[in-house]
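Step one of this worksheet: look at the structure below.
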Amino acid sequence: MILALALLAVLPSSTLGGAMPPPRDALGVFDSWGAFRDPSPKRCFAIAQPVEKHAQSQPFASIAFWPGDHIHDQLHIRLSRPRAANARVTLSIGERRFDLVAGEADAWSPDARTDAAVVSAIREGRSMSVETVGANGGPFADTYALKGAATAIDAAALGCVG
């Protein structure tokens with residue numbers, strides 16, 4: 001359950017009119033992946049932290065479901081450090097490579113089709129890494145274990161049904 005508490009701190013719930021955020025529902029922890037649901041606005045997500053711990057940041061990989069917006073399997077990566085302004089961000093899962101769209105410290109799939117391909121690769125893979133060049137000019141990679149990811153993704157999807 002320590003993982004679940006750590007993951008709860010990673011993605012803050014939305015606040016409504018300055019009120020306290022509604023409580024987040026833990027749907028389960030599956031190896032290094034957790035599944036959670038926010039009640040308002042309704043969204044569910046599977047999330048994991050990289051294998052290597054980072055004291056200065058809270059990197060994560062998540063797959064989200066936003067039923068109100070008809071969004072499913074949406075990838076979001078929070079990098080462990082800021083990237084160089086023009087540096088590519090590449091997600092690698094087994095032999096598959098995906099170019100991501102990125103901000104300073106976040107990255108996403110360019111479209112829903114790529115999201116679906118990423119989730120398919122996650123279901124079949126053992127690990128994934130996100131590689132780029134840091135703002136300091138040095139390359140870095142954040143690596144994630146994928147054991148439990150498929151179950152967490154399924155739990156998140158089921159958590160937002162109905």
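Each value in this text was obtained by applying a stated rule to the coordinates, not by laboratory testing. Only a predicted model underlies this, so the values are computations on that prediction, with no experimental measurement involved. Here the Cβ is made from the backbone with ideal geometry for all residues, glycine too, and neighbour counts use every protein chain on show.
Results, tabulated for the structure shown:
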{"quantity": "Relative contact order (percent, whole number), the range 23-159, Cα cutoff 8 Å, 6+ residue spacing", "calculated": "28 percent"}
{"quantity": "For the chain, with +1 on Lys and Arg beta carbons and -1 on Asp and Glu, the positive-most of Asn136, Gly94, His72 along the dipole", "calculated": "Asn136"}
{"quantity": "Rounded FRET efficiency, nearest 0.05, which uses the C-beta distance separating Ala84 from Lys147 and R0 of 22 Å", "calculated": "0.10"}
{"quantity": "FRET efficiency estimate (nearest 0.05) - Cβ-Cβ, Arg97 to Ile71, R0 30 angstrom", "calculated": "0.80"}
{"quantity": "The range 23-159 - convex hull of the alpha-carbon atoms, volume per residue in Å³", "calculated": "108 Å³"}
{"quantity": "Net charge of Cβ neighbours under 13 Å - reference Gln74; Lys, Arg +1; Asp, Glu -1", "calculated": "-3"}
